[in-house]
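Here, each number is a calculation from the coordinates, and none is a lab measurement. None of the values given here were measured: they were computed from a predicted structure. So basically every Cβ, Gly included, is an ideal-geometry build from the backbone, and we count neighbours across all protein chains shown.
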Amino acid sequence: MSEPPSRILVVDDEFGMREGCRRILSAEGYEVATAADGLAGLELFTEGGPFDAALVDLRMPRMGGLELIEKLHELDPDTVILVVTAYATIDTAVEATKRGAYNYIPKPFTPDELLIPVRNGLERRTLTIEARRWHEERERRLLEVAFERSKCSTVINCMTDGVLVVNRERQVVLRNNAAAHVLPDCAGLPLPSPLEGLQCAPVRDVLAEALGASSGPMIVSREVGIGKSTYMVNASPVFEPGGEVLGGVAVLRDITALKKLEVAKSMFVSMVAHEIKSPMAAIEGYLNVILSGIAGEDAERDRHMLERALLRARMLRSLVSELLNLTAIETGAFVIKRVPLDIGSVAAMAIEACQEKAGAKDITLTCRDDESGERPVLADRDAMLSVITNLIDNAIKYTLAGGHVGVVVERNGMYAKVIVKDDGIGMTPEERDHAFDEFYRAKNEQTADVPGTGLGLTLVKRLVDIHQGTITVDSAPDKGSTFAVRIPTV
Amino acid sequence: MTGDVPLILVVDDDHDFLVMTRRVLESAGYAVACATSPCEALDTMAQAKPDLVITDLMMRALDSGFSFARKIKSDARFADVPVLLITAVASRLGYDFTPDKVDDLAEMHVDGFFEKPVLPNELLAQVEALIGLPVQEGKP
């Protein structure tokens with residue numbers, strides 16, 4: 001036996017009695033300590049403990065047995081206390097038991113008469129302790145289970161996806177808050193309740209289908225419209241370790257936003273397709289007319305048509321590169337290097353680049369720099385050049401011959417402001433509101449001949465946006481337009 | 001003798017389409033007027049009634065060609081004017097505008113439908129079928 005021997009305290013004022021007990025008990029393998037009176041017994045118990053059992057005489061000097069029993073019991077309720085007395089009466093026995101004694105041994109006794117109650121007592125003690133340990137263990141387990149359960153149910157309830165669980169009897173046994181929210185009729189269902197009680201047929205169907213799984217894991221998925229939202233419902237069977245279907249779990253995910261994105265994406269693709277197809281049709285149309293020879297020999301008119309076709313082809317090419325730039329910005333692949341930059345010098349470069357175009361249309365292009373590099377902006381040079389050039393280019397396009405396009409650079413609080421103002425054909429309020437929309441182009445008699453991709457201003461706005469800047473436009477038909485870009489300074 | 005030359009009104013917000021269509025039609029001897037929007041076209045029609053209208057489908061709005069055609073057909077003055085619809089995009093956003101049957105054309109209030117680009121010969125053949133050839137000046 002690897003267990004240490006049980007320790008027994010013998011308290012008796014009679015030397016012969018103490019020694020007699022010690023011998024009998026030691027011979028049985030117990031470890032025995034003795035004390036000659038109640039007080040000494042108490043001291044020994046406190047200092048030399050713990051003891052598994054105590055044999056206590058009732059009549060002792062200094063502290064009587066009953067008092068000692070009470071104290072020992074208080075100190076260690078697990079210690080088995082046996083009263084050893086020559087005055088065994090019912091009354092004292094009852095009294096001793098009340099104070100915590102387990103049994104009593106009347107004097108005189110044979111070794112067996114001593115050993116049997118001691119063994120029984122110790123056994124009882126072991127059982128008591130074990131039972132208590134089991135009990136504690138069980139309590140702990142229960143607590144753990146309860147905690148795990150509540151944790152699990154908290155997690156399930158906090159999920160943004162709806163969760164429905166059915167057992168193999170086709171009864172709904174669990175629904176989380178999100179599911180109750182998505183399927184209002186299921187919120188009031190008592191659990192468990194038949195799956196057929198669910199009003200949403202598609203959800204019912206996917207769960208039923210999952211329950212019908214014959215073997216192996218599977219996922220039944222269906223898009224379901226509920227109210228104004230679209231949900232992806234995924235149901236899977238739950239298997240027993242033996243392989244039998246135990247039930248099914250359905251997860252309802254709101255994919256409304258995804259669906260909207262999908263629609264927006266296909267609309268964009270469709271718009272791009274249209275924007276590409278129109279110039280292609282124009283180019284092909286011109287070539288058809290020329291090649292058919294139907295229009296007769298008119299070199300000058302043919303040349304004009306070829307020039308138009310070439311222009312459309314060029315616009316098509318810039319459309320494609322602008323699309324690529326836009327995509328690059330949107331996917332974050334567009335690398336900008338923000339450095340302290342004199343925006344006035346960038347504006348001057350842009351004006352230089354546009355001077356020829358302006359001259360060809362007899363448009364005066366002027367620049368005024370009130371900022372003169374006093375406070376640099378934090379921006380990408382190429383991006384800023386592209387923004388200002390685009391705006392000037394646009395202004396020239398929509399200004400009639402003999403008009404004026406002016407660029408002004410000035411301070412505006414923590415921003416540098418670049419203003420591009422023209423006295424051209426201007427925009428109606430509706431046109432102005434859509435000026436930055438993809439592929440939006442003002443279409444009227446005056447703009448019919450103006451080439452453009454409809455992406456220039458969209459690109460400008462995106463570039464300004466990624467610099468945490470702002471762009472505004474003020475315009476009136478026949479009065480002209482004013483674009484103002486604000487870029488944060490260093 | 002301009003009164004004898006059939007007048008064709010071409011409506012499109014694509015400048016180049018107006019240029020090339022005018023070229024084709026004029027080469028065949030028709031008189032051509034152009035408009036860049038249904039609105040402008042209706043103004044022009046009020047001044048001189050055309051013998052044929054050729055219109056783009058998608059101008060400002062997705063279906064502006066359709067509503068323009070409907071307007072023409074429901075106007076007592078122009079109900080007899082044939083309308084030819086020409087578009088670069090016959091289907092868009094899930095809509096499919098391509099007519100399958102002759103009945104579809106009537107539903108769309110048009111007398112003919114083409115996808116851009118139209119071959120000059122095909123366009124002229126369709127125009128001739130609808131309004132006949134122009135009487136050549138200087139010929140009997």
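What share of the DSSP beta bridges in the stretch A:7-133 is antiparallel, in percent to the nearest 5? All intermediate terms of the calculation are to be shown ahead of the outcome.
Values: 0 of 18 bridges.
Once the DSSP bridges in the stretch A:7-133 are tallied, antiparallel ones form about 0 percent.
Return one number: the angle in degrees, 0 to 90 and rounded to the nearest 10, between the long axis of the Cα atoms of helix A:456-466 and the longest principal axis of the Cα atoms of chain A. The answer is roughly 30 degrees. From the Kirkwood radius over Cα pairs of the stretch A:202-312, Stokes-Einstein at 10 °C and 1.306 mPa s returns a whole-number translational diffusion coefficient of 83 µm²/s. Distance from the C-alpha centroid of the stretch A:122-159 to that of the stretch A:377-450: 74 Å, rounded to the whole angstrom. For chain A, the equivalent ellipsoid built from the Cα gyration tensor has semi-axes of 100, 34, 18 Å, listed from largest to smallest. Shape class for the stretch A:259-330: oblate, because the ratio a/c of the largest to smallest gyration tensor axis (alpha-carbon atoms, square roots of eigenvalues) is 1.5 or more and b/c is at least a/b. Full extension of the segment from residue A:219 to residue A:169, taken as 0.36 nm per residue of separation minus the current Cα-Cα distance, would add 16.0 nm. Of interest is the spacing of the C-alpha centroids, which for the stretch A:49-105 and the stretch A:208-267 amounts to 71 Å.
A Cα-only calculation for the stretch A:159-254 places Rg and Dmax at 12.4, 42 Å.
Would you mind calculating the gained length between residue A:370 and residue A:304 on full extension (0.36 nm times residue separation, minus the Cα-Cα distance), in nm to one decimal?
19.3 nm is the gain from fully extending residue A:370 to residue A:304.
Shape verdict for the stretch A:9-65, please, from the Cα gyration tensor: rounded (a/c under 1.5), prolate (a/b greater than b/c) or oblate.
In terms of gyration-tensor shape, oblate.
DSSP beta bridges confined to the protein assembly as shown are antiparallel in about 55 percent of cases.
Binning the C-alpha pair distances of the stretch A:335-488 at 10 Å intervals from 0 yields a P(r) profile of 12, 44, 35, 9, 0 %, listed from the shortest bin outward.
Semi-axes of the equivalent ellipsoid for the stretch A:7-133, please: Cα gyration tensor eigenvalues, times 5, square-rooted, ordered largest first, whole Å.
After scaling each eigenvalue by five and taking roots: 18, 17, 15 Å.
Counts of other chain beta carbons within 10 angstrom of each beta carbon in peptide B:116-125 average 5.
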